[in-house]
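Structure first, commentary second.
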Amino acid sequence: MSPELERFPRNILVCERSNFLNEKSRHGIHVSKHYFNYKVSIFIPECGILPAGLSSVIKSFNSYFLVQKLPVYKLIEEVFLDEVVKKGGFYALSHKTRIDEDNTIAFLPSGQMILSLDKDTYEQLGLEGKPSLYNHRNARRYVVTVDFTDKSMTVGGKRYQRVLLGLKERVPLTCDFLLSRYSTGTDEDGALQGLLSQYSFEVIRPAQYSQTLRIVPCPTLHPSDLQGKAGSCDPHQFLEWLGSVNMGIRCDNSASDFLSTYVCPEPQDSMSQALLYTITGFLIPEDIQSLLQELQRYFDEPKFSPWLSLTVHGFVDSPVSWGTMEHGFLSSGENFYNFVCFKNQDYWLHMATGALDGCPP
Amino acid sequence: MSVFMDLNISYTTDRKRLQAMIETAAHLGYSTVAINYTVEFQQKKQEIPRPKSVTELFEKLPIVQGKSSPIKVVNRLTVVTADAAHFRPTAEYKSFDLVAVYPKTEKLFHTACMTFDVDIICIATTEKQPFHFKRSPVNGAIERGVFFEICYTPAIRDSTMRKYTIANALCLMEICKGKNVILSSAAEKVLELRGPYDIANLGLVFGLSEGDAKAAVSTNCRSVLLHGETRTTAFGIIHTVKKVQPTTKQTDEAEAPASKKTKTENI
Amino acid sequence: MEEPATFERHVYKNASVYHYMKMSLILEDESKRLIAAEFKQLIVSGLRDLYGEIGAAIPFDLLTFDESTKTAILRVYNSGLVKLWSAITLIGSCQNELCAVRVTQVSPFLLALCGNSRETELD
Amino acid sequence: MVRFKSRYLLCELCVSERNSLQLLEERVIYHAVRAAVNRAHGDYGSAVCNIGFSVKYVNAHTGVVLLRCRKGHYRLIWSALPFITGIESRGQRVQCFLNCLHVGGTIRTCQKFLVRYSTRQLHRMLLHCTSEAERREVRKAVMSFSLKKRREDGEEEEEEEEEDDGCGAGVDT
């Protein structure tokens, strides 16, 4: 009728299927490359309380720091850079900055700094970057990637000085930051603590929330049928159902109902109960990695449920989704992934990103 | 992309209501709003209101939703006019950060596009545009960096006005191809304000493309503010470089002598 | 027991047939209650006003409606998204009273609606 | 100067009572279509109708109606046409419906189509004729404009006589 009103933003979903025991399986890489995670939710069918193993893994999740009004250059000063950023395992994401409006800064554990800047800041800063994917007509946003592990970026070098000077004097960017560091056991947080002590900050524990659901209709899943071609539901239907469970959406409707016609995809089973456990915060991939490993062990003992699921949501305002791949907002900014783990160590992995983002790896 | 702005919040003497509107705008995620004072010339004698200083309104400006910075409030004057003589850029105009004109006739629309020293030209939303948009004035305005404004509040209030708003907007888009358009509320009540993403989507109904629609509530508004700044700083010849701090109010006042010199050139 | 899976990868582009919207209704009189059917009716009449009878026939599902917070989750076919959204934006009154429906999130994945980092405060 | 691309909808107004066609006027058709679009597509449809929509030509004898609208909007307007069930004119309500025959980018293509269409219609009428006199009439009509067509070669001024002036005027605008 009016085609311009029937368009909609693009969406991309990547589905993979493999086995955890498969040597070439890339599940570890996918988890560790999704740097900024906001929420993890575990869904275990036919389970009432969180198994002890899982609960202790969740307890050991890293705390994170929320620092207020931290100048960005502080994070790239010589000592801090050498002691923390370049050592790896350091995550930082600017907080209360919106990827489609403000300057957003992220530090990746790989020793890279990502600056997603509006045009004014970009021009004043004078660092080399590339136009964002989310531009329209004229470039209004640029992404600057600085790799501090690069040889030409050695501390004291010309290029390093340029970055430092730019952020210290030309454009003294300051914002709230979420920081987290994967501690390897040895106490090397001296530099981090030293920095934090100069600003107002708080240490936050990830928040947990547990919920037991009763009598849930659920689609029957066959590990071999990822695409849903052999009669089970397709990935979108499955994710929709998982979302409905997460948000307590009723699915006892019929096609003629006025309010909603949503039904659980066929063929379906009914589970007597299910556990929904969520953790929110600034969660680092290493923790999720260990959680996933623990989940794999869940089926070591015989269980009623043939599968369980792990969903990880990224920060919508993160400048990257996986690795250094640009992420933006447009109208929703989703970037999440979901594992469905089966008894035989097979898994499905669903990965989704925002409208103009690149395809997940 | 830049922050979201709503460059038209109707001024009201009801201080509480005005405060509530600005608070709601901040809550909805607008980082900058303009309080709009409208003057309509019935007689020759015109009286231009003095804009209220923002500090009078708020001791502490509300924080924008999801951010740590407070909302920025600027003042704007809209001159509704059917006669070129009514638009006289006097010193009083200079006390506003933004100046808009709402031309009622085709001739005036042409002059407004081509010569008037304004930042915004309003498009009729409460009545059928009494003339057709022509390419040359519209292109002239685009070249001069003047923006066209479409307000959405009338479309919320009333079905007839909604038809006019959509029709006039579609007419404009046929000519300007989505360039130099801003969408703003012209809200008089809290419940007439809508969120920036909602408005970006509404822009599609007004004939804008997805990118243009989002620009119409963000980037383009920023250009309008910059245009307004160059107007007060003598056509941008004199430009004071400010550190990015929300204390623009004082610097603007300090610049007043510089702009006075060029006042005569406006005519 | 099935054989361990061999690697398999599929990319779905625009395969989600729906979009999901999260929104809340703001009424002038905050104490006023509304039931789910009334809320859906409000949106349908909004669609009818802006897009006529053909618009009112755009199918959408009201997946949830929380009467205390007046928040709702809607599901709509992709092709109806812009129309539904704009109609919702232009809803200005509900049962002869001023109102506004504020859309908080729109996504092609329902799952994404429960993990919006913009919504909750971490501290 | 770039001109706005238009679409022309060539429609046939079907009535049960042929005499009632005499009540047709451009204004009446215009309002009927506007009302139908408003009902089917709401305020948005109405607004779209405000731009570049007009009734170009109405033939009160044959019931042929030519509507013009912007290229981008023709589907919207077209989709509302089936919902027209009657037309209000001079205080009388005429039961009718609009049958869209052709959608063209110019008036010229619509005319060409109309010629072909009318010829076909006359041929069909020929089969249904009962008396010899009637048959002669129709045959004459067919001959008259097919001859004319050959003579003027491409100058589409034919159709049943009434058509000529109306369509000719349409081309000028």
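Laboratory data are not the source of any read-out in this text; all were calculated from the coordinates shown. Since this is a predicted model, take the numbers as computed values, not measurements. Backbone-built Cβ (ideal geometry, glycine too); neighbour counts: all protein chains shown.
Quick rundown of the values:
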{"read-out": "Cβ-based exposure ranking for C:I91, C:I35, B:I199, in which fewest neighbours within 10 Å come first", "value": "C:I35, C:I91, B:I199"}
{"read-out": "P(r) weight above 20 Å for segment B:54-195, C-alpha pairs, percent", "value": "53"}
{"read-out": "Simple spin-label estimate for A:D300 and C:Y77 in nanometres, 7 Å along Cα-Cβ", "value": "5.1"}
{"read-out": "Calculated Rg and Dmax of the protein assembly as shown using C-alpha coordinates, Å", "value": "32.3, 113"}
{"read-out": "For segment B:25-101, Kirkwood radius (reciprocal of mean inverse C-alpha pair distance, Å)", "value": "14.0"}
{"read-out": "Residue-averaged beta-carbon neighbours from other chains (10 angstrom radius) around B:207-213", "value": "4"}
{"read-out": "Under 5 Å, built H, 5+ apart or other chain: amide partners of B:A34", "value": "B:D6, B:L7, B:N8, B:I9, B:V74"}
{"read-out": "Shape of segment A:64-204, Cα gyration tensor, a/c cut at 1.5", "value": "prolate"}
{"read-out": "Any cysteine of chain C lacking a neighbouring Cys Cβ under 4.7 Å - listed by number", "value": "C:C114"}
{"read-out": "Whole-number D in µm² s⁻¹ for segment C:18-107, Kirkwood Cα-pair radius fed into Stokes-Einstein, 4 °C, 1.567 mPa s", "value": "101"}
{"read-out": "Mean-position separation - Cα centroids, segment B:13-28 and segment A:118-180, in angstrom", "value": "37"}
{"read-out": "Ranked packing of A:49-59, B:159-169, B:200-210, most packed first, by mean Cβ within 10 Å", "value": "B:200-210, B:159-169, A:49-59"}
{"read-out": "Nearest-20 debye value, segment C:17-81 charge dipole, Cβ charges on Lys, Arg, Asp, Glu", "value": "200"}
{"read-out": "Within segment A:204-289, chymotrypsin sites (Phe, Trp or Tyr not before Pro) in DSSP loop having at most 16 other beta-carbon neighbours inside 10 Å", "value": "A:F258"}
{"read-out": "Which of B:S184, A:S110, A:S260 has the fewest Cβ neighbours within 10 Å, and the rest in rising order", "value": "A:S110, A:S260, B:S184"}
{"read-out": "Estimated inter-spin distance, B:R144 and A:Q211, nm [label 7 Å along Cα→Cβ]", "value": "5.7"}
{"read-out": "Percent of alpha-carbon pairs separated by more than 38 Å within chain A", "value": "24"}
{"read-out": "For segment D:1-105, with +1 on Lys and Arg beta carbons and -1 on Asp and Glu, the positive-most of D:V65, D:G105, D:T85 along the dipole", "value": "D:G105"}
{"read-out": "Fluctuation leader among A:Y38, A:Y199, A:Y122 - chain A, Gaussian network, Cα springs under 10 angstrom", "value": "A:Y199"}
{"read-out": "Across chain A: Cys residues that no other cysteine approaches within a C-beta distance under 4.7 Å", "value": "A:C15, A:C47, A:C175, A:C218, A:C233, A:C341, A:C359"}
{"read-out": "Helix-derived mean residue ellipticity, 222 nm - over the protein assembly as shown, DSSP H n ≥ 4, -39500 (n - 2.57), to 500", "value": "-9500 deg cm²/dmol"}
{"read-out": "Rg in Å to one decimal, and Dmax rounded to a whole Å, for segment D:1-105 via C-alpha atoms", "value": "13.2, 46"}
{"read-out": "Hypothetical label at B:E40: residues of segment B:124-138 whose amide nitrogen lies under 13 Å (7 Å Cα-Cβ projection)", "value": "B:125-127"}
{"read-out": "For segment A:64-204, with +1 on Lys and Arg beta carbons and -1 on Asp and Glu, the positive-most of A:G166, A:T149, A:G194 along the dipole", "value": "A:G166"}
{"read-out": "Label point 7 Å beyond Cα of B:D158 along Cβ direction - residues of segment B:1-21 with amide nitrogen under 19 Å", "value": "B:10-11"}
{"read-out": "Size of charge dipole - segment D:51-134 - debye, nearest 20, with Cβ of Lys, Arg +1 and Asp, Glu -1, no other charges", "value": "520"}
{"read-out": "Simple Cβ-charge dipole of the protein assembly as shown, Lys/Arg +1 and Asp/Glu -1, about Cα centre, in debye nearest 20", "value": "2080"}
{"read-out": "Candidates per trypsin sites (Lys or Arg not before Pro) in segment D:50-99, loop by DSSP, up to 13 other Cβ within 10 Å", "value": "D:R90"}
{"read-out": "Whole-Å distance, taken between Cα centres, linking segment D:86-100 and segment A:11-65", "value": "67"}
{"read-out": "Rounded to 5, percent antiparallel among DSSP beta bridges of the protein assembly as shown", "value": "80"}
{"read-out": "Separation between Cα centres of segment A:218-232 and segment A:266-333, rounded to whole Å", "value": "19"}
{"read-out": "Cα-Cα over 28 Å, subset of D:K71/D:K140; B:K163/B:K189; B:K67/B:K128; C:K83/D:K5; B:K189/C:K40", "value": "D:K71/D:K140; B:K67/B:K128"}
{"read-out": "Rounded to whole Hz, the Karplus (6.51, -1.76, 1.60) HN-Hα couplings of segment B:74-79, x for glycine and proline", "value": "10, 10, 9, 10, 10, 9"}
{"read-out": "Listed residue (A:I49, D:L23, C:F65) projecting farthest to the positive dipole end of the protein assembly as shown, Cβ model", "value": "D:L23"}
{"read-out": "Cβ-derived FRET efficiency at R0 56 Å, D:L127 paired with C:E119, nearest 0.05", "value": "0.20"}
